[in-house]
Amino acid sequence: MGVAKYGIPYMGSKGSIADWVFSHIPATENFYDLFGGGFSITHAAILKNKWESFYFNEIKSDIVELIKDAIDGKYSYDVFKPEFITREMFEERKLICAYTRVIWSFGNNQRTYLFGKDIEARKNSLHNAVVHSHFDQTAKDLLDFNVWPEDLGEIRSRRLFIRKRVREKLGLDAPEQLQHLQQLERLEQLERLEQLQQLEQLQLTSLSYDQVEIKENSVIYCDIPYIGTASYGGVFDHKSFDKWARESKFPVFISEYYMPDDFFLIASISKKQKLKVSATRKEFVEKIFTNKAGLALFNSQKFSKNILSDQLEFAI
């Protein structure tokens with residue numbers, strides 16, 4: 001497992017299918033991501049060079065601040081030497097600190113702590129060795145040294161070295177057991193957003209989707225909470241959203257499993273979990289729908305009028 005291509009670590013992120021999403025969204029002057037979540041779609045849109053200006057919106061204001069801080073360089077390894085967040089610290093801070101809640105939660109679920117009680121101490125030892133060059137006995141035993149070689153002076157190179165060393169020493173084959181420094185791998189995603197620091201064509205807001213003012217010549221993408229799954233600042237009102245999207249004069253492209261019959265399905269993708277036992281592999285079909293304005297734009301730019309179906313395997 002490597003660092004994700006786009007955005008910050010975030011449960012439900014569209015980062016793994018961002019390229020596919022954008023192959024079905026027409027180019028305009030402005031791109032709006034109204035349910036921005038972990039910033040993966042907006043980040044990918046910026047790198048696509050299909051739009052001139054980008055508007056990211058996420059109702060959780062502390063997530064927006066986390067993304068702003070990352071862009072401003074707060075999480076660069078040059079200035080940020082992260083402390084190890086213990087289980088107790090996580091519980092104390094998760095409601096008030098987005099960094100703690102996202103980076104140090106299991107599966108980025110923002111609710112439960114990243115590590116099990118039986119392995120937390122070992123993770124702490126390795127973290128302190130990598131970040132602070134502090135070697136306790138556990139770190140010494142695992143690494144067989146107590147001073148970093150000169151060619152391993154950076155946190156990133158040390159993390160990769162530990163991944164290799166622990167695998168060699170303990171013989172761990174399962175990918176999930178190799179994530180001995182998951183929190184640092186996730187932090188690299190935050191650090192990478194610093195590359196957007198000089199981008200003047202990016203605006204970030206924390207509003208309800210229907211409060212964002214949309215400029216002319218824009219396309220809107222909405223990764224809404226799927227029916228029966230996540231919520232949006234509480235209980236998400238799907239009927240109100242459907243009415244808003246239906247009546248919008250702007251092209252609105254929506255990720256969902258199902259939408260009312262007066263929306264138009266323009267693409268679908270089959271996502272299969274990478275499980276060892278093929279008989280237990282679950283399959284999900286992601287879909288992109290659009291409103292009348294979106295369909296008109298879709299057809300005017302000579303996209304395929306046929307429903308495009310693809311397949312994608314993803315890791316859980």
Item checked: Test result for Leu207, closer than 23 Å to Ala70 by Cα, buried (at least 18 other Cβ atoms within 10 Å of the Cβ), in contact with a strand residue (DSSP E or B) (Cβ under 9 Å, 6 or more places away or on another chain) and modelled with pLDDT of 90 or more -> no
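Yes/no matrix, rows are residues, columns are (1) farther than 16 Å from Cys222 by Cβ; (2) aliphatic (A, V, I, L, M); (3) in contact with a Phe, Trp or Tyr (Cβ under 6 Å, 6 or more places away or on another chain):
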site	(1), (2), (3)
Ser16	yes, no, yes
His43	yes, no, yes
Ser61	yes, no, no
Ile71	yes, yes, no
Check: If you check Val21, Val64, Val79, which single one turns out to be of a type in the set (Val, Ile, Thr) and free of Cβ contacts under 8 Å to residues at least 24 places away in the same chain?
Finding: Val79
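Every residue, every condition in (1) of a type in the set (Lys, Arg); (2) at pLDDT 80 or above; (3) over 26 Å from the mean Cα position of the chain (by Cα); (4) surrounded by 11 or more Cβ atoms within 10 Å (Cβ to Cβ), yes or no:
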| residue | (1), (2), (3), (4) |
| --- | --- |
| Phe241 | no, yes, no, yes |
| Ser270 | no, yes, no, yes |
| Leu275 | no, no, no, yes |
| Arg281 | yes, no, no, yes |
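Let me confirm something: among Phe56, Phe39, which residue is in contact with a Leu (Cβ under 7 Å, 6 or more places away or on another chain), buried (at least 21 other Cβ atoms within 10 Å of the Cβ) and within 22 Å of Phe250 (Cβ to Cβ)?
None of the others qualify; the one that does is Phe56.
Only residues that are charged (D, E, K, R), at pLDDT 50 or above and over 16 Å from Glu256 (Cα atoms): list them for segment 285-309, please.
Listed by number, the residues that qualify are Lys292, Lys302.
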Notebook entry, point to check: Would it be correct to say that Arg101 is in a helix (DSSP H, G or I), basic (Lys, Arg), farther than 13 Å from Thr86 by Cα and open to solvent by less than 70 Å² (accessible area, probe 1.4 Å)?
Noted result: no
Checklist line | Residues of segment 1-56 satisfying the condition of being acidic (Asp, Glu) and in contact with a helix residue (DSSP H, G or I) (Cβ under 6 Å, 6 or more places away or on another chain) | finding: Asp33
Next item on the list: List the number of the failed condition for Thr86; all other conditions in (1) of a type in the set (S, T, N, Q); (2) under 17 Å from Pro9 (Cα atoms); (3) open to solvent by less than 40 Å² (accessible area, probe 1.4 Å) hold.
Entry: (2)
Note to self: Could you tell me how many of the residues in segment 106-121 are in contact (Cβ under 8 Å) with a residue 24 or more places away in the chain and either under 25 Å from Gly37 (Cβ atoms) or crowded, with 16+ Cβ neighbours inside 10 Å (or both)?
What the structure shows: 7
Note to self: Being outside any loop (DSSP other than H, G, I, E, B) and either surrounded by 24 or more Cβ atoms within 10 Å (Cβ to Cβ) or of a type in the set (D, E, K, R) (or both) is the filter here; which residues of segment 22-36 pass it?
What the structure shows: Phe31, Tyr32, Asp33
Next item on the list: Specify the residue that is modelled with the lowest pLDDT; the eligible residues are those in segment 1-21 that are assigned to a helix (DSSP H, G or I) and open to solvent by less than 40 Å² (accessible area, probe 1.4 Å).
Entry: Gly15
Note to self: So if I check each of Asp62, Asp78, which one is part of a loop (DSSP other than H, G, I, E, B) and open to solvent by 10 Å² or more (accessible area, probe 1.4 Å)?
What the structure shows: Asp78
Next item on the list: Looking only at segment 100-140, count how many residues are of a type in the set (A, V, I, L, M) and touching a Lys or Arg at 6+ places or on another chain (Cβ under 6 Å).
Entry: 3
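The values are calculated or read from the model by the stated rules, or taken from the named source; none is laboratory data. The model shown is predicted, which means the values in this text are computed figures rather than measured ones. A quick note on method: Cβ atoms are made from the backbone with ideal geometry, for glycine too, and the neighbour counts reach across all protein chains shown. The protein model used for the area step is the full one, side chains on, heavy atoms only, and it has no ligands, DNA or RNA in it. Shrake-Rupley method; radii C 1.70, N 1.55, O 1.52, S 1.80 Å.
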